[in-house]
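Structure, as structure tokens:
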Amino acid sequence: MPDQTHPRWPTRLWIVRHGQSAGNVARDRAHESGEHRIGIDIRDVDVPLSQLGEQQADALGRWFATGKGNGQPDVILASPYIRARETARRVRDAGGAHADEPICADERLREKEFGILDGLTTAGIHALQPDQAEFRRLLGKFYHRPPGGESWCDVIFRLRSLLDTVSLHYGGRQVMIVAHQVVVLCLRYIIENLSETEILAIDKAGDVANCSVTEYAFDPQAGKDGGMTLVRYNVTAPVEQDAVAQVTSEPDLPVAARG
């Protein structure tokens, strides 16, 4: 049995994708018009939430405030990207966590880095970076690393370190992580000990929705020392049940980097 005096895992872990961003909106516009580049003239780290994204984050906070989240976080970790930090703040301020709860930015939760593909649409990658399009076809998204960017394996490497920190400092706590689509998927890969085939099948089945909730609970019977058990994945009820917000699930930038 696990040592309950020094818990290895949080009692509950919520992983949330940020609300719809201005980048998601621009990506859709560029893709629909067949453009090669997405019309964003600021760093990806500085892309804010759209108005709808703000409403989604508020809706998620209200959902947690009513007790539908199976508790509330007493630790909030977020990607340093503005859209993730703002989502976390709005969730907290809408009642999803204690008003004084700090939001801890951790660079290991940042968006997957796209390198020379950053800001390109699918058409743009094939037109401007045909070699990279072919490399990605041959290697697959799990292993393809564009120059200056990351593969999914690179993201997984830094997230293993993050989970070590969570285990060391937040065992027995209730933890919320607010980050990005690929981060949500890669955390599932690590926590559930999935294979490349299994996680890519989950990814292919549908995008991780903006402000959706993926939830784990600690189960002392899961393995020799206990472990985290998936409670629900990509749940959009917080947004669906709100009278103001609506569900969106645009892929992150660039569209071809997630397939």
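Pairs under 8 Å by beta carbon, first residue over 17 Å from Val208 (Cα atoms) and part of a strand (DSSP E or B) in segment 35-58, partner modelled with pLDDT of 80 or more and open to solvent by less than 50 Å² (accessible area, probe 1.4 Å), six or more apart or different chains? What qualifies is Arg37/Gly119; Arg37/Leu120; Arg37/Thr121; Arg37/Gly124. When segment 205-241 is limited to residues that are farther than 29 Å from Glu86 by Cβ and of a type in the set (D, E, K, R), the one that is surrounded by the fewest Cβ atoms within 10 Å (Cβ to Cβ) turns out to be Lys224.
All but one of (1) at pLDDT 95 or above; (2) under 23 Å from Pro7 (Cα atoms); (3) in contact with a strand residue (DSSP E or B) (Cβ under 9 Å, 6 or more places away or on another chain) hold for Glu101; state the number of the condition that does not hold. Status for Glu101: all satisfied but (1). Residues considered: Val178, Val183. Of these, the only one that is assigned to a helix (DSSP H, G or I), hydrophobic (A, V, I, L, M, F, W, C) and surrounded by 23 or more Cβ atoms within 10 Å (Cβ to Cβ) is Val183.
Rundown of residues vs (1) of a type in the set (D, E, K, R); (2) surrounded by 15 or more Cβ atoms within 10 Å (Cβ to Cβ); (3) within 19 Å of the chain's Cα centre (by Cα); (4) farther than 30 Å from Tyr170 by Cβ, yes/no style:
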| position | (1), (2), (3), (4) |
| --- | --- |
| Asp106 | yes, yes, yes, no |
| Leu117 | no, yes, no, yes |
| Thr122 | no, yes, no, yes |
| Ile125 | no, yes, no, yes |
| Glu134 | yes, no, no, yes |
| Arg137 | yes, no, no, yes |
| Phe142 | no, yes, yes, no |
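Based on this model, can you work out whether His169 counts as closer than 27 Å to Trp14 by Cα and surrounded by fewer than 18 Cβ atoms within 10 Å (Cβ to Cβ)? Yes, satisfied. Residues that are under 11 Å from Asn210 (Cβ atoms) and in contact with an Asp or Glu (Cβ under 8 Å, 6 or more places away or on another chain) were ranked within segment 247-259; the one that is modelled with the highest pLDDT is Val247.
The values are calculated or read from the model by the stated rules, or taken from the named source; none is laboratory data. Please read all numbers here as calculations on a predicted model, not as lab measurements. In this analysis, Cβ positions are derived from the backbone assuming ideal geometry, glycine residues included, and neighbour counts consider all displayed protein chains. To get the accessible areas, we keep the full protein, side chains included, count just its heavy atoms, and leave off ligands, DNA and RNA. Shrake-Rupley method; radii C 1.70, N 1.55, O 1.52, S 1.80 Å.
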